[in-house]
C-alpha cells in the first residue's frame, strides 16, 4: 500500500507494526470481518472500531504495550487482540473494553493494526486484507 510504512518496535528484538483505516465496499458481519483480517503464522492482526480511536498512534501504542505485557507475563487477557483492546480502552476490564473497542457488526470502516517480525510481512498482509 502506497504511503504506509511500518514502524519498528523494540521488544526483545525488532518487531514491526502498521496501523490502517479500511473503508469496506460493503458491510461485513463481525465473523466475516475477523476471518478477513486473520493473519498467517507469525503475523498478528487486530480489528478495532475506528470511531473511538484518537489516531494511528493510539492503536500502535496499545499494540506495543500488549506485546510488552505478553513478553513480561503481565497480560490480563489470554489473547493478544483482547489485550490490545484493553490498552486502547485504558481499562483492565474486558467487559468494558470489547464493546467499546471491537468493530461493530456490519461496520463499513474498520481500523486494523498488523504486527510481524518483518516490514514485508506487515505490508503483504495489509495488502491482502485491503482487497
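When region 28-51 is filtered for residues that are assigned to a helix (DSSP H, G or I), at pLDDT 90 or above and either within 10 Å of the chain's Cα centre (by Cα) or surrounded by 13 or more Cβ atoms within 10 Å (Cβ to Cβ) (or both), only 50 remains. Just to be sure, is residue 25 in a loop (DSSP other than H, G, I, E, B) and closer than 17 Å to residue 110 by Cβ? Answer is yes for this residue. Scoring residue 54 on the criteria (1) closer than 18 Å to residue 18 by Cβ; (2) touching a helix residue (DSSP H, G or I) at 6+ places or on another chain (Cβ under 8 Å); (3) modelled with pLDDT of 90 or more; (4) assigned to a loop (DSSP other than H, G, I, E, B) leaves a single failure, condition (2).
All of (1) over 15 Å from the mean Cα position of the chain (by Cα); (2) within 16 Å of residue 44 (Cα to Cα); (3) without any contact (Cβ under 8 Å) to a residue 24 or more places away in the chain hold for residue 119 with one exception: (3). Taking the criterion of being part of a loop (DSSP other than H, G, I, E, B), within 16 Å of the chain's Cα centre (by Cα) and either surrounded by 15 or more Cβ atoms within 10 Å (Cβ to Cβ) or in contact (Cβ under 8 Å) with a residue 24 or more places away in the chain (or both), the residues of region 76-106 that qualify are 77, 102, 103, 104.
The values are calculated or read from the model by the stated rules, or taken from the named source; none is laboratory data. Remember, it's a predicted structure, so these values are computed and weren't measured experimentally. Glycine also receives a Cβ, built like all others from the backbone with ideal geometry; neighbour counts cover every protein chain displayed.
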